[in-house]
Amino acid sequence: MASRISSYWNLHKFSILMVLASLLFYTSFAYDLVRTDFIKLISLFFALFFLCFKLIQFEKWNFNFLLLSGILFRLVFLLVEPNLSQDFYRFIWDGELVLAGINPYLQSPDAIMENGEILLANAQELHTGMGSLSARHYSNYPPLNQLLFAISVFLGGKSIMGSLIAMRSIIVLADIGIYYFGKKLLRHLNRSPHLIFWYFLNPLVIIELTGNLHFEGVMLFFFIWGLCLLTLNKWLFAAIAFASSILVKLVPLMFLPLFIGYFGFRKSIKFYIVLGLIILLGVLPFYSPLFLNNYTDTVGLWFSNFEFNAGFYNLIKLIAIEFDAKPWELIKIYGILIPYTMIGLVFLLTFLMDNKKLPVLISSIFWVLALYYFLSPTVHPWYIIFLLGLSIFTDYRFPLAWSLVIILSYSAYENPEFKENLGLIFIEYFVVFGFMAYEIFKLNRQKLLIRKN
């Protein structure tokens with residue numbers, strides 16, 4: 001036994017030391033980082049990204065070692081409150097409402113607190129913690145997400161820390177599911193299964209999902225599961241999985257027209273009917289005459305009122321201001337145009353691409369999502385995790401580069417007025433677009449920086 005341990009240490013000592021170093025860095029990130037300390041934030045993040053790269057380089061065929069490492073990195077965050085996002089307060093608030101039988105889409109937290117009739121556990125702390133922006137708006141989280149919030153609150157015994165532990169458990173299980181089904185899908189696409197670790201060990205994924213409790217990973221889990229079911233010709237179950245993904249986050253709604261090419265017209269009608277029925281079943285418990293109006297108004301705010309870490313929009317705003325455009329008017333006009341632009345791009349890819357082949361379908365989905373984030377006026381770091389997850393099933397790796405440099409957007413937190421550093425945003429998008437152009441125009445499949453096999 002001792003000789004086996006000694007032999008294993010001799011073979012993997014550098015990798016073990018890198019795992020231990022990563023655990024120390026994640027611990028510092030989780031327990032000893034204030035988000036206004038931007039220098040420490042990016043130093044830890046870049047160090048973790050480098051260690052992730054070297055671990056995959058050294059141990060890419062040692063799946064159990066890397067899987068265990070990824071789980072250990074996530075467990076570091078188990079008992080700590082998120083330090084880069086306050087969204088979890090709203091998640092718990094919504095979960096409390098659902099458990100109390102109250103529709104979270106009908107009353108804003110401010111209205112509930114002013115009314116004073118509804119008593120929720122930790123109401124004052126949750127209301128204060130979520131911030132004034134979230135507190136004055138209706139919930140914008142889809143029904144299945146609301147159910148997960150409620151389950152977390154129930155399992156957590158209505159304590160904030162208990163709810164956080166339950167949420168993290170759900171998110172970690174979803175990531176393990178992505179690892180499992182992602183490997184299967186990679187093998188079906190004749191790609192190296194080790195590529196899944198570019199998602200599973202990525203510091204952005206670990207910090208933003210397990211650390212900051214965003215549910216993009218749960219959405220991605222259902223979506224990749226659906227793609228796996230397509231490889232088995234189980235379109236009915238795939239429709240249920242895709243509907244579940246939409247009921248966690250609305251993003252996959254954009255991809256639905258692309259399935260016409262994959263299934264053909266008649267079969268796609270059946271697919272859409274099943275998917276629509278599942279979504280309808282998810283929405284029904286929350287439906288009321290005010291539901292649709294409140295929900296669409298709240299979702300619409302993200303297009304027409306908010307801006308953060310924007311790519312193309314920042315360029316347009318810079319030019320428009322030179323011609324005396326008013327920023328608050330520009331964002332509203334831009335927000336109206338984006339959905340129509342995306343509809344046009346989706347239908348273009350629907351009819352121009354040969355989507356009946358699964359690799360082409362995934363590539364079309366990937367480009368729809370990439371174009372959406374390039375055009376969006378709001379791109380929080382956790383948004384691109386879905387794009388990163390999809391990228392490993394394509395020939396493109398620029399989302400991996402984006403997952404490194406998007407941390408620069410957190411420079412806004414070091415400013416008391418939450419003002420973005422446009423110089424750092426420029427560097428971020430320069431790297432992303434430069435890497436993308438390099439892959440598209442300069443590299444063939446055998447010369448990709450990170451080979452598919």
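Expressed per residue, the C-alpha convex hull volume of segment 104-177 stands at 99 Å³.
Less than 5 angstrom separates the built amide H of Thr378 from those of Phe308, all sequence-distant by 5 or more or on a different chain.
Rounded to whole numbers, the Karplus 3J(HN,Hα) couplings from phi for segment 241-258 are 5, 5, 5, 5, 4, 5, 6, 8, 9, 7, 3, x, 4, 4, 8, 4, x, 5 Hz, using 6.51 cos²θ - 1.76 cosθ + 1.60 with θ = phi - 60°, and x at Gly and Pro. Could you point to the residue in Ile316, Pro289, Tyr272 farthest towards the positive end of segment 233-325's charge dipole, with +1 and -1 charges on the Cβ of Lys/Arg and Asp/Glu respectively? With unit charges placed on the Cβ atoms, the residue in question is Tyr272.
For segment 381-388, backbone phi angles converted through the Karplus equation (6.51, -1.76, 1.60; θ = phi - 60°) give residue-by-residue couplings of x, 6, 4, 7, 5, 4, 5, 4 Hz, Gly and Pro being listed as x. Extension gain, Tyr31 to Gln124, is 31.0 nm, computed as 0.36 nm per intervening residue step minus the present C-alpha separation. A 1.4 Å probe over all protein chains sorts Asp94, Asp395 by accessible area into Asp395, Asp94, starting with the largest. A probe of 1.4 angstrom, applied to the heavy atoms of all protein chains, finds Leu348 with accessible area near 100 square angstrom.
When a 1.4 Å probe is rolled over the protein heavy atoms, the share of accessible surface on the chain that falls to carbon and sulfur comes to 67 percent. Note on Tyr8 and Asp354: the model spin-label points, each 7 Å out from Cα along the C-beta direction, lie 4.8 nm apart.
So what is the 222 nm mean residue ellipticity for the chain from helices alone, if each DSSP H run of at least 4 adds -39500 (n - 2.57) and you divide by all residues, rounding to the nearest 500 deg cm²/dmol? Estimated from H runs of four or more residues: -21000 deg cm²/dmol. Within a straight-line Cα-Cα reach of under 29 Å, Lys184 can be paired with the following lysines, leaving aside sequence neighbours fewer than 8 residues apart in one chain: Lys54, Lys60, Lys234, Lys249, Lys267, Lys270, Lys356, Lys357, Lys447, Lys452. Excluding ligands, DNA and RNA, what is the solvent-accessible area per residue of segment 101-143 at a probe of 1.4 Å, expressed in Å²? Each residue of segment 101-143 exposes 49 Å² on average to a 1.4 Å probe. Take every Cα-Cα pair in the chain and report what % of them are more than 28 Å apart. More than 28 Å apart: 53 percent of the Cα pairs in the chain.
One chain, two ends: Ile273 and Leu147. Fully extended at 0.36 nm per residue, the span grows by 43.0 nm beyond their Cα-Cα distance.
The aspartates and glutamates within cross-link reach of Lys442, meaning a Cα-to-Cα straight distance under 18 Å and a gap of 8 or more places when in the same chain, are Asp395. Compute the signed sum of charges (Lys and Arg +1, Asp and Glu -1) over the other residues within less than 11 Å, Cβ to Cβ, of Tyr262. Local net charge: +2. Ranking Leu204, Leu11 by solvent-accessible area of protein heavy atoms (1.4 Å probe, all protein chains present), from largest to smallest, gives Leu11, Leu204.
Per residue, the accessible area of segment 361-438 comes to 30 Å² when a 1.4 Å probe rolls over the protein heavy atoms. The order of Tyr179, Tyr340 by accessible area, most exposed first and with a 1.4 Å probe, is Tyr340, Tyr179.
Note that segment 144-290 presents 36 Å² accessible area per residue, ligands and nucleic acids not counted, probe 1.4 Å. Between Tyr340 and Phe291, residue separation times 0.36 nm minus the direct Cα-Cα distance comes to 15.3 nm.
The values are calculated or read from the model by the stated rules, or taken from the named source; none is laboratory data. Since we're looking at a predicted model, the values are computed, not measured. In this analysis, Cβ positions are derived from the backbone assuming ideal geometry, glycine residues included, and neighbour counts consider all displayed protein chains. Surface areas here come from the heavy atoms of the whole protein model, side chains and all, with no ligands, DNA or RNA. Shrake-Rupley method; radii C 1.70, N 1.55, O 1.52, S 1.80 Å.
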